[in-house]
Amino acid sequence: MATIPSDPLMDTMQLPTPRLQGTLTLEAALKKRHSTREYLPDALTLEQVSAVLWAGFGVNRPGSWGRTAPTAWDAQEILVYAILPQGAWCYDAREHRLVRVRTGDLRGLTGTQDFVAVAPLNLVYVIDQQHLAAAGGIDPEEHGMLAGADVGCIVENIYLYCAGAGLATVVRGQIDRRALGEALGLKPHQRVALAQSVGFARPAATH
Ligand SMILES: Cc1cc2nc3c(=O)[nH]c(=O)nc-3n(C[C@H](O)[C@H](O)[C@H](O)COP(=O)(O)O)c2cc1C
């Protein structure tokens, strides 16, 4: 199992091909799906990070760049950031790699609840309004509603993947979005929507 490299000069991190060997049926994962807010500080392996990102919004049809989650008009306007102890990275789904945007540990900035600084991976979902506009045909008044729904599809993919893989997760809206957006260097047309913590549940954690 590969560990996540901590070299601050590493600009891109190739992710291993996701090994998708869940032992649960989809129905069993649906039965287990729940939110967890108490995490062990244990790191995820690179393989686990790879599989979580692929399940959430990876490419599942390379011929057409189709993704594991649907998006309105196939705009694919959601950017997924992976905030790890080793830095903040943007997920490049087509190359299945992470592209560094910041060095240092920004996990504590991904939400206002204490556990976010403990969870080994915090995903941040960013809506890129230029992608929505470029998709054409969408009434700008509907952008917010559609993008929110698109984020929700990714979130649920990751809930179900985690349930099947024995990982813990919770989606979060309690975020200082301005501070987090600044820390990630977002552009004016990019907005933080939600975050999602992923890791290992502290034993006896019930929620
Ligand atoms: C859009 C959205 C935002 C949420 N924001 C938070 C949050 O900021 N913090 C948190 O602890 N849980 C958050 N949750 C998780 C819900 O509290 C949780 O899903 C709900 O209590 C039901 O619990 P369950 O997921 O275990 O079924 C959010 C869920 C959704 C769908």
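Per residue of the chain, what 222 nm ellipticity follows from adding -39500 (n - 2.57) for every DSSP H run with n ≥ 4, rounded to the nearest 500?
Details: 5 runs with 57 residues, N = 207.
Taken over the chain, the calculation gives -8500 deg cm²/dmol.
Sort 107-120, 125-138, 13-26, 78-91 by the packing proxy (mean of other Cβ within 10 Å over each peptide's residues), most packed first.
By packing density, highest mean first, the sequence is 78-91, 107-120, 125-138, 13-26.
How big is the Kirkwood radius of the stretch 1-105, worked out from every pair of different alpha carbons and given in Å to one decimal?
Details: mean 1/r = 0.0655 Å⁻¹.
The Cα-based Kirkwood calculation yields 15.3 Å.
Efficiency by 1/(1 + (r/R0)^6): what FRET value for Glu95 and Ala149, r their Cβ-Cβ distance, R0 = 25 Å, to the nearest 0.05? Can you show the working numbers first?
Details: r = 26 Å, r/R0 = 1.05.
Step by step, r from the Cβ atoms, then E = 0.40.
The stretch 56-127 to the stretch 32-55: how many Å between their Cα centroids?
Spelled out, the Cα-based centre of one part sits 13 Å from the other.
Any idea how far apart Ser35 and Asp11 come out in nm if each label point goes 7 Å out from Cα toward Cβ?
Simple spin-label model gives 3.9 nm for this pair.
What percent does the relative contact order of the stretch 90-134 come to when contacts are Cα pairs within less than 8 Å and at least six residues apart? Present the calculation step by step, with values, prior to reporting the outcome.
Details: 23 pairs, mean separation 9.2, N = 45.
RCO, the stretch 90-134: 20 percent.
For the pair Arg19 and Arg202, what calculated FRET efficiency results from E = 1/(1 + (r/R0)^6), where r is the Cβ-Cβ distance and R0 = 30 Å, to the nearest 0.05?
The formula returns an efficiency of 0.70 here.
Where Lys and Arg each count +1 and Asp and Glu each count -1, what net charge lies around Ala163 among other residues with Cβ under 9 Å from its Cβ?
Values: positive: Lys31, Lys32, Arg33; negative: none.
Net local charge, Ala163 excluded: +3.
Counting other Cβ atoms within 10 Å, which trypsin sites (Lys or Arg not before Pro) in the stretch 31-72 have at most 16 and lie in a DSSP loop? Please list the in-between numbers first.
Values: sites: Lys31, Lys32, Arg33, Arg37, Arg67; in loops: Arg33, Arg37.
Here the sparse-neighbourhood loop sites are Arg33.
Can you compute the FRET efficiency between Thr45 and Asp114 using 1/(1 + (r/R0)^6), with r the Cβ-Cβ distance and R0 = 35 Å? Round to the nearest 0.05.
E between Thr45 and Asp114, to the nearest 0.05, is 0.90.
Going by a ≥ b ≥ c, the root eigenvalues of the Cα gyration tensor, does the chain fall in the rounded group (a/c under 1.5), the prolate group (a/b larger than b/c) or the oblate group?
Numbers: a/c = 1.35, a/b = 1.21, b/c = 1.12.
Rounded is the answer for the chain, as its axis ratio a/c remains below 1.5.
Each reported figure results from applying straightforward, stated rules to the coordinates on display, with no laboratory input. As the structure is a computational prediction, the values presented were derived from the model and not from experiment. Counting neighbours? That spans all protein chains shown, and the Cβs are built from the backbone with ideal geometry, glycine included.
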